[in-house]
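I have placed the structure first, in the form of structure tokens, so that the comments after it can refer back to it.
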Amino acid sequence: MVKQLLGPFSQMVTMDRLPDHGPLRDERLEIIRDGGLLIEDDRITEVLHQERFEQVRKEAEAKGSLIGHSPLKQRMVLLPGLIDAHTHICYAGSRSKDYARRLSGESYMEIADGGGGILSTVRQTRRANEEELYTSLAQRAFDHLLRGVTTCEVKSGYGLDIETELRMLRAIRRVNTSSDPYPLMVPTCLAAHACPPEFKSELQYLDFLVAKLLPVVKKEGLAQRVDIYVDRGAFPPHLADGFLYQAKSMGFSVVVHADQFTVGGVTSAARIGAVSADHLERSTEREFRWLQERDVVATVLPGSSLGLGEPFAHARRMLDLGLCVAIASDWNPGSAPMGNLLALAALLGANQRLTNAETFAGITCRAAKALSLTDRGVIRSGNVADLIGFPCDAYEEILYRQGALLPSFVMKGGRRVMRASNHLGA
Ligand SMILES: [Zn+2]
């Protein structure tokens, strides 16, 4: 067993004992000054206030102690590792040309109709072998880790055929079983991302997925979650209901891409009892109330709003109505190429007037709820030792810097991550 003492930190922002719904004032944050943590293997075993920290430090420094303590070289504010609850970072190719066309005035839908959009990434991903998918995914995952993301949901959905969808999910699994440090990946099967041209109707494709793909995903344990893109140009709500119902009856948790361009997806998410409804840019108060009544997490995605030049989802209103709001990057090659979760959350917060506590909760403890994870997102005894430290004296400095202040300390499952601790990292 490896025992470590970490600290003292200027501040530890634990995110502990916060409600998982509704508005949060900064005064509710638990801030421990000049304290530290005891860690055994990959878990936090004790959260130490200043006095107790000093006592344990003396024990650690005493001859014969088994506790390792390396004093910090700088003052730091410690937070739980960030959780990105919605990404599409397993893909091949680039959509920079689509992006340029959009900047020249074409709409997302016009570009899709003209051969760009999701289907162009599908063509490039189908051509990539598992090694290529794994290598590019691992690189993005490691970049995310250095920016403080220690848990990251990743969707399939650029294969839209059995073989490529499984190849994507296997590449995601390979990152999880690597001995190099990466964020924990939470895989989601998003084969219902778009209807591929080989199928005559959306219904025929969804039936095919239920009959042929989902049983293999289940049998191989490649994902526990199934997602569907409900919108104009993707799948209509009445077909989504049947698909989600069948996925749920096979034992999957379900989530929905909802209300990005047109309302409708939230009705499916609420009716079926999805874990989360993601996007929600077009949702109104009526949709927010449905999510609140059915305890569906509202995951907002500022990255695609910025990428498409569209307004942000109304996160302020959602919180005021008592929803659980998670904030995710939506990192994807089409609409959200930046992928910097902290920067995106800070920009959403500035636009929507979210408190520090609300923004941090959206990328830690409330994001954990969106992924049904109960052992992370909070600095607490028993939780996994996923931690990030920022080189400053006060937590307010972090979002004020809008993503420009990077963590100088990242720990994943009790292991310190260095810029070069991954074979891909430079
Ligand atoms: Zn998405």
I'd like to verify a number: residues in region 75-120 that are under 22 Å from the mean Cα position of the chain (by Cα), within 25 Å of Glu132 (Cβ to Cβ), crowded, with 16+ Cβ neighbours inside 10 Å and at pLDDT 90 or above, how many? 10
Taking the residues in region 273-297 that are within 22 Å of the chain's Cα centre (by Cα) and open to solvent by 20 Å² or more (accessible area, probe 1.4 Å) as candidates, determine which candidate is nearest to the ligand (Cβ to nearest atom). Glu281
Exactly one of Ala247, Ala270 is open to solvent by less than 40 Å² (accessible area, probe 1.4 Å), assigned to a helix (DSSP H, G or I) and in contact with a Lys or Arg (Cβ under 6 Å, 6 or more places away or on another chain), and that residue is Ala270
Take the residues in region 327-354 that are within 16 Å of the ligand (Cβ to nearest atom) and more than 12 Å from Pro302 (Cβ to Cβ), then tell me which one is most open to solvent (accessible area, probe 1.4 Å). Pro337
Report whether or not His69 is more than 16 Å from the ligand (Cβ to nearest atom), open to solvent by less than 60 Å² (accessible area, probe 1.4 Å) and in contact with a Leu (Cβ under 9 Å, 6 or more places away or on another chain). yes
Taking Gly157, is it modelled with pLDDT of 95 or more, assigned to a loop (DSSP other than H, G, I, E, B) and within 15 Å of the ligand (Cβ to nearest atom)? yes
Does region 113-133 contain at least one residue that is closer than 17 Å to Lys3 by Cβ, touching a residue at least 40 places away in the same chain (Cβ under 8 Å) and not in a loop (DSSP other than H, G, I, E, B)? no
Go over the candidates Leu291, Leu306, Leu280 one by one and state the one that is touching a residue at least 12 places away in the same chain (Cβ under 8 Å), farther than 20 Å from Pro23 by Cα and in contact with a helix residue (DSSP H, G or I) (Cβ under 9 Å, 6 or more places away or on another chain). Leu306
Every residue from region 374-425 that is open to solvent by 40 Å² or more (accessible area, probe 1.4 Å) and among the hydrophobic types (A, V, I, L, M, F, W, C): Ala404, Leu406, Met418, Ala420, Leu424
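The values are calculated or read from the model by the stated rules, or taken from the named source; none is laboratory data. Computed from a predicted structure; not experimentally measured. So basically every Cβ, Gly included, is an ideal-geometry build from the backbone, and we count neighbours across all protein chains shown. When the accessible area is computed, the model is the full protein with side chains, heavy atoms only, and any ligands, DNA or RNA have been set aside. Shrake-Rupley method; radii C 1.70, N 1.55, O 1.52, S 1.80 Å.
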